[in-house]
Every structure is written in C-alpha cells, then in structure tokens.
Amino acid sequence: MNYKKLLIVLLFIFFVLGIGFGLYWVFFRTPEPGTGPGGFNAGNIPDIGPGNITVVNGLANDVNGLPWQQYVTDKVSPVATGGLTAVTEVAQGNISGLDASPDGLSFYNQNSQQFFKIGDKGQLVPLSDKKFFQVQSITWSGKGDKAILEYPDGSNILYNFKTGKQVTLPLELEDFSFSTDGGQISAKWMGGSDDNNWVVAAKDDGSGMFLIEPLGDQSYNTQIGFSPDNQIAALYTTHYDSQRQEVFPIGLNGENFKSFVVSGSGFESKWSPGGERLIYSVYSDATDYNPTMWVTQGRTSELGDLKVALNVSTWPDKCAFGGGDSMICAVPQGLPRGAGLYPEIASKYPDNFYSIDLNTGVKNLIASPVGARGSYSAYNLSVSSDGTRLYFVDKNTGTLQSIRLK
C-alpha cells in the first residue's frame, strides 16, 4: 500500500472538514446566552447618565426616557444665559433683507411678496400695501425709509416706503450701497465688456452718475460698500502671495488710500455702524482653509492697522454689531476642513451664538439655540434697538427667528 498517497488523501479530507466546521461556526451557529464585549449583557445599553442629549441631523431624540419637548420645558432657558436657549419663530415664509434702522427692523417676505417692520411689541407691521414680486436682492438706506430692489431679470428700482414713490434705475447697475445719509449710492456698472465695467456713484435716484474706478474683469474681487465716513466706495482685493491678500480701498473721489495685507484668502468684510472697526474673515492653510474672523481699525486714515484675530470660525454675514464695542456671531459647530472655500456647507452645521468684545477679543458663549427644529443655521443677524432681542434668518427654512438677550 502506498502510505504516502493515503496520508495525502487523509490530510485533504481533514482540511475540507476543518473549512466546513469553520464556516458553520462563523455563519450558522446559534450563540448561547452570555455576555458581550465589555462585560455587560448582550443587547443591554449601559446608562449614559443624566443630561445627555442624542442629536441626529440637528434633531434631538428622547433624553433619559423623557420626551424632547418635556426636556426642553425643564432645561431650556427663555433668555440667553450661556446654555440651551429657546428660539421664537417671528415670521414664516422665505425671509430676506433683514435690516436694522432707527425705525426698527425691516424685512421682505418672499411668500407674501410684502415688506414688513417689527413693531415695538414684536408685532409685524406692513411697510406698504403694495406687493413686490420676486425681489432677488435688497439694499436698505441707513434710515430704513427706502431700498433698492434688484430683480431676476436685471431690473432695479428705488422705492421710498415713506412717500410711496418709485424710481427705475439702469439695468447695467448691480451690487448697490447707500451713503450714510442715504442721498448717494455706489454700485457696479456692468457695461457688457471688460472695458465698459466701472465702479460708479450717483444720487439715490440714479441721476448725476460719475465714474470712480475701472472694474474690468475684477468684479468678483471688488466689494461695493460705502464706509461710514463716506470716503470709501468699495474694497478691491488681489493676491499678495499664495497665502495672503492685499486690500485696496477705492476712494469716492479718486483718493489714493493706503492698502493693507491680510493673512489669508476669501476676504469678506463688514463695517461697524460708526466706522471705528472693520471686521473681516479669511481662510488659509494655517486654519485648515476654514474662515477665521479678524478685526482692524476702520477709520480711513487707520484702515488695516492693528489687525487682531478673534479666533472664531465664521463669516461677517453671520455677525451683528450690538451696543458699544461688541458684536454677536453665529458660529457653526464642527466645520470640516475647507469650509472657507465652500461657505454653503455651513448650513449643515448647527450654530452657537457668541458675544465678542472688539476691544479685547474676549468671546463668551451666550446661547445654544433650541426650537422646534432642534438647531439652527443663522445668517442676516440683527439686534433690536433696545438690545433685548437677537433676530436672525434660519438658512435651512428661510424663517425669521429670535432669541431673548435680556
């Protein structure tokens, strides 16, 4: 007998049986009752302790056996005190153009096609019985009595809500800004070719127009906006090197104001109401290409001096100036790397509200907003004239919301 062949056959049989047993053990065996990994019974979840909240896609689930609504009643403060804070819906519909003025806060409701003002007691008061269909962009004067309305077909009108008068502005104009007194506007004139594109200024009715600076193909890098002292009509940015930008103020009358350099790309800015400060955001490799807020001197003679990082990752359109030298910013939680390149991604991350002292740079958490949706992505922020409420538009629903500050 050939024992060598017999041994090979037996080894092959044992190998096949071993493979079969292994497959049975892994895929078909019924496990006996016992304990799972970590020492607790299989299927039982260890106690997560008091005060833990599970949030999925911005919506809170039950907390320690309590329905979320009951947990809100017990734990959420009606006033911003640094923790979970109740949010009140002010107006439904797609809200845009929220703006603060001495007369109060005004906005446009795309659903009703009307403009409203928020009254002293929080009530909504129509600014006009007239309906304005499909307004795409709104620029308010500082006094809140008139606004320039831009439409999808490129047409523009100036409407005075005090007098009811309407003036049609040239189709070539876009990206408007009012002077502090509301009597003058600056804008981009897009003439159909690079040679015919200009930064221009005119009276608020479009008359008396004059050219300020050639725009060429740099419309994307030019931000129209009167400085509060009315000396600057726009800011133009260009790359200083791979990690920095240079900002050039464009004077209303051709003045040669000094430029300044910022540490990053994607420059976006906002003037403080009195012009003492200019806040801006930039991103760079050092910030994982996420936006970082800075503050600098805003007076024309000092513009760009003493730049201070505020160490909050957000954008100027998610901030509002409060009384004195402070502002409130909505700061997204957990922005991924590269959010500065794609600002629209911020709407997927819930915001916390921070108060920031612009003199010291000190920031304090004032509210984690909680409401029917669970969390919010806020922009177009405004503080009421008495400082008691913060109003904002929720990016995901378009609704107008508010929280109590005092």
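The values are calculated or read from the model by the stated rules, or taken from the named source; none is laboratory data. All values reported here derive from a predicted model rather than from experimental measurement. Ideal geometry is used to build each Cβ from the backbone, glycine not excepted, and the neighbour counts take in all protein chains shown.
Scanning the stretch 330-372 for residues that are of a type in the set (D, E, K, R) and buried (at least 20 other Cβ atoms within 10 Å of the Cβ) yields a single hit, Asp351.
Taken as a whole, the stretch 176-196 holds no residue that is polar (S, T, N, Q) and in contact with a helix residue (DSSP H, G or I) (Cβ under 9 Å, 6 or more places away or on another chain). Screening Val261, Val295 for residues that are at pLDDT 95 or above and either crowded, with 21+ Cβ neighbours inside 10 Å or outside any strand (DSSP E or B) (or both) leaves exactly one candidate, Val295. Would you mention how many residues in the stretch 330-345 are outside any loop (DSSP other than H, G, I, E, B) and without any contact (Cβ under 8 Å) to a residue 40 or more places away in the chain? So the count comes out to 3. Cβ separations smaller than 7 Å between residues 6+ apart or across chains give the following pairs from the stretch 86-109 residues that are free of Cβ contacts under 8 Å to residues at least 24 places away in the same chain to residues that are in a strand (DSSP E or B): Asn109/Ala91; Asn109/Ile95; Asn109/Phe116.
Checking the stated criteria, Asn380 turns out to be among the polar types (S, T, N, Q), within 28 Å of Asp103 (Cβ to Cβ) and crowded, with 16+ Cβ neighbours inside 10 Å.
The residue that is surrounded by the most Cβ atoms within 10 Å (Cβ to Cβ), counting only those in the stretch 142-168 that are under 13 Å from Ala100 (Cα atoms) and modelled with pLDDT of 95 or more, is Ala147.
Here is the figure for the stretch 124-141: residues that are farther than 18 Å from Asn94 by Cα and exposed (fewer than 13 other Cβ atoms within 10 Å of the Cβ) total 1. Inspect all residues belonging to the stretch 108-128 and state whether any of them is among the β-branched types (Val, Ile, Thr) and within 25 Å of Gly275 (Cα to Cα). Checked the stretch 108-128: no residue is among the β-branched types (Val, Ile, Thr) and within 25 Å of Gly275 (Cα to Cα).
Here is a yes/no grid of residues against (1) touching a residue at least 24 places away in the same chain (Cβ under 8 Å); (2) surrounded by 13 or more Cβ atoms within 10 Å (Cβ to Cβ); (3) at negative phi:
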site	(1), (2), (3)
Lys188	yes, yes, yes
Ser193	no, no, yes
Gly208	no, no, no
Glu213	yes, yes, yes
Gly216	no, yes, no
Thr222	yes, yes, yes
Ser227	yes, yes, yes
Glu246	no, yes, yes
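Taken together, the residues in the stretch 227-258 that are more than 30 Å from Lys203 (Cβ to Cβ), out of contact with any Gly (no Cβ under 8 Å at 6 or more places or on another chain) and part of a strand (DSSP E or B) amount to 5. Does Val90 satisfy the condition of being surrounded by fewer than 18 Cβ atoms within 10 Å (Cβ to Cβ) and outside any loop (DSSP other than H, G, I, E, B)? Criteria not met by Val90. Please verify whether Asn364 is farther than 20 Å from Val262 by Cβ, of a type outside the set (A, V, I, L, M) and more than 17 Å from the chain's Cα centre (by Cα), treating the condition exactly as stated. Yes; evaluated as a whole, the condition is true for this residue.
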